[in-house]
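Chemist: One structure is given below, represented as structure tokens, and several questions about it will come after.
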Amino acid sequence: MKLSVPGRVTGAAVIAVAALLTTSAIADAAPARVAAAPDIPVANVKAHLTQLQSIATANGGNRAHGRAGYKASLDYVKAQLDAAGFTTTIQQFTASSRVGYNLIADWPGGDANQVVMAGSHLDSVTSGAGINDNGSGSAALLEAALTVSRTQYQPTKHLRFAWWGAEELGMIGSRNYVNGLTTANRAKISGYLNFDMIGSPNPGYFVYDDDPAIEKTLKDFYAGIGVATEIETEGDGRSDHAPFKSAGIPVGGVFTGASSTKSAAQAAKWGGTAGQSFDRCYHSSCDTTSNINDTALNRNSDALAYAVWELSE
Ligand code: TRP
Ligand code: ZN
């Protein structure tokens, strides 16, 4: 949904003054370039989270690697992408004696020699449904991909989306994918964007500082909506961007925090509760649909789309 900016003119007042000002200045306080990227409907992202929660509930309470809830999650995401016109591929692997899968979705078109990738891990831990970790990234990524289809976006570069398996076992799926690329195909990936835990209930706004250009793109989005960010430091290399970075591919992403504690200074600038974890339900059974901050989920869904659109045009 449209991000609410303090002091923004709304409703009838917009109509009244619209003739006096440019429409874009009123519709969105973000820079003009934001207009190129779509506004991701957070209600749709939340609807995907509700489905992932139902899948967990119907399958022993989790969506973990090698369990029925993981495969059901994969089938849910794949069906929507197939119906939207993506070319999907399932990559199977074995980890800890159980079968796992990555789902890769290519949007037809664009320069095959310049691939922009965005990914999220779709597996949960065994102790819970994994709605913030990482239904949040998975659902936002799915909705962004569906928006590519809805708007029939035809970027200059080629777009590829990925939902990784077995991240919780040590980034097994994403490492498997990167290791399976030929040197030539690896060189074609101009950047990889990672989205893991983007709706934490007591959120921080963290941007990965791995690649300066990707970092700037994400910071530009946040500057445009007037929200302060900090550099992501809670366990650098603890998600699926790590294998890409190790292979020399530029990486970036956003994150709202896991078990680390929000400081007083952070609560002052972002709201929420100082002295409490960003996600008190991290890796536990209370990581359900209740464990999501809608504002953070909305902002990061739009940040995801902004980066995908900006880096692929
Ligand atoms: N990937 C971790 C998990 O799934 C969470 C995490 C810790 C993380 N540090 C991070 C995610 C930094 C992204 C960036 O449990
Ligand atoms: Zn996790």
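Chemist: Could you name every one of the strands (runs of 3 or more DSSP E) located completely within segment 39-134 that has at least 3 residues being in contact with a strand residue (DSSP E or B) (Cβ under 8 Å, 6 or more places away or on another chain) and within 16 Å of ligand 1 (Cβ to nearest atom)?
Modeler: 111-121
Chemist: Would you mind finding the one in Lys219, Lys245 that is away from ligand 2 (no atom under 16 Å from the Cβ), out of contact with any Asp or Glu (no Cβ under 9 Å at 6 or more places or on another chain) and of a type outside the set (A, V, I, L, M, F, W, C)?
Modeler: It is Lys219.
Chemist: Next question. Looking at segment 193-209 only, could you name the residues that are under 21 Å from Ala247 (Cβ atoms) and either among the β-branched types (Val, Ile, Thr) or surrounded by fewer than 22 Cβ atoms within 10 Å (Cβ to Cβ) (or both)?
Modeler: Scanning segment 193-209 gives a single hit, Asp209.
Chemist: So, in segment 42-60, exactly how many residues are surrounded by 18 or more Cβ atoms within 10 Å (Cβ to Cβ), touching a Ser or Thr at 6+ places or on another chain (Cβ under 7 Å) and either on the phi > 0 side of the Ramachandran plot or of a type outside the set (A, V, I, L, M, F, W, C) (or both)?
Modeler: Matching residues across segment 42-60 total 1.
Chemist: Here is a follow-up. Only one of these conditions is not met by Ser277: (1) small (Gly, Ala, Ser); (2) touching a helix residue (DSSP H, G or I) at 6+ places or on another chain (Cβ under 6 Å); (3) more than 20 Å from Trp163 (Cα to Cα). Which number is it?
Modeler: (2)
Chemist: Against the conditions (1) surrounded by 15 or more Cβ atoms within 10 Å (Cβ to Cβ); (2) within 14 Å of ligand 2 (Cβ to nearest atom); (3) not β-branched (Val, Ile, Thr), where does Ser285 fall short? Just the number, please.
Modeler: (1)
Chemist: Can you pull out every residue in segment 218-256 that is polar (S, T, N, Q), closer than 27 Å to Lys188 by Cα and in a loop (DSSP other than H, G, I, E, B)?
Modeler: Within segment 218-256, Ser239 is the sole residue that qualifies.
Chemist: While we're here: For Ile214, indicate whether it is aliphatic (A, V, I, L, M) and either within 16 Å of ligand 1 (Cβ to nearest atom) or under 16 Å from the mean Cα position of the chain (by Cα) (or both).
Modeler: Yes.
Chemist: Just to be sure I understand the filter: pairs with C-beta atoms under 9 Å, separated by 6 or more residues or on different chains, first member in segment 288-306 and under 20 Å from Tyr208 (Cβ atoms), second member among the basic types (Lys, Arg) and in a helix (DSSP H, G or I). Which pairs pass?
Modeler: Leu297/Lys46; Tyr306/Arg33
Chemist: Restricting attention to segment 169-217, which residues are part of a loop (DSSP other than H, G, I, E, B) and among the aliphatic types (A, V, I, L, M)?
Modeler: Selection gives Met171, Leu181, Met197, Ile198.
Chemist: If you don't mind, there's one more thing I want to ask. Can you find a residue that is farther than 20 Å from Tyr306 by Cα and part of a helix (DSSP H, G or I) anywhere in segment 146-164?
Modeler: No; the residues of segment 146-164 include none that is farther than 20 Å from Tyr306 by Cα and part of a helix (DSSP H, G or I).
Chemist: Got a number for residues in segment 87-143 being among the polar types (S, T, N, Q), away from ligand 2 (no atom under 16 Å from the Cβ) and crowded, with 24+ Cβ neighbours inside 10 Å?
Modeler: Total satisfying the criteria: 1.
Chemist: In the list Val178, Val148, Val254, Val207, which residue meets the criterion of being closer than 19 Å to Ser120 by Cβ, of a type in the set (Val, Ile, Thr), in contact (Cβ under 8 Å) with a residue 12 or more places away in the chain and in contact with an Asp or Glu (Cβ under 7 Å, 6 or more places away or on another chain)?
Modeler: Val207
Since every read-out is calculated from the coordinates, none of them should be taken as a lab result. Here the structure is a predicted model, which means the values were calculated and not measured. When we count neighbours, we look across all protein chains shown, and the Cβ atoms used for this are built from the backbone with ideal geometry, even at glycine.
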